[in-house]
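Participant: Below you'll find the structure I mean.
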Amino acid sequence: MKNQTIYILSKVDAQNVAQQEIGRKLTSYEIQRIKDSIADKINWYDAIADAINENISIAS
């Protein structure tokens with residue numbers, strides 16, 4: 001339970017976006033090229049903080 005995943009982006013997600021954005025699927029090489037870039041662009045701290053603030057009420 002310690003390292004339970006909360007959210008995952010899959011190759012299928014990337015392929016769906018590629019299909020919409022460039023009209024084709026990505027090659028395995030292209031998937032590898034974008035992988036680290038995707039991780040660098042996700043502001044995970046703010047996403048978690050926003051979700052907490054939107055969904056968890058703090059009792060005073």
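Participant: Say we look at segment 29-60 and pick out the residues that are over 17 Å from Thr5 (Cα atoms) and among the polar types (S, T, N, Q); which of these is nearest to the chain's Cα centre (by Cα)?
Facilitator: Per the stated criteria, the residue is Ser37.
Participant: Enumerate the pairs (first residue in segment 1-27 and touching a residue at least 24 places away in the same chain (Cβ under 8 Å) and closer than 18 Å to Trp44 by Cβ; second residue anywhere and of a type in the set (A, V, I, L, M, F, W, C) and part of a loop (DSSP other than H, G, I, E, B)) with beta-carbon separation below 7 Å, excluding pairs fewer than 6 apart on the same chain, so at least 6 apart or on different chains.
Facilitator: Listed by first residue and then by second, the contacts come to Ala14/Leu26.
Participant: Identify all residues within segment 10-37 that are β-branched (Val, Ile, Thr), surrounded by fewer than 12 Cβ atoms within 10 Å (Cβ to Cβ) and not in a loop (DSSP other than H, G, I, E, B); write none if there are none.
Facilitator: Val12, Ile22
Participant: Being exposed (fewer than 10 other Cβ atoms within 10 Å of the Cβ) and at pLDDT below 95 is true for just one of Ile42, Ile6. Which residue is that?
Facilitator: On inspection, the qualifying residue turns out to be Ile6.
The values are calculated or read from the model by the stated rules, or taken from the named source; none is laboratory data. The model shown is predicted, which means the values in this text are computed figures rather than measured ones. Because the Cβ atoms are built from the backbone with ideal geometry, glycine has one as well, and the counts that use them run over all protein chains shown.
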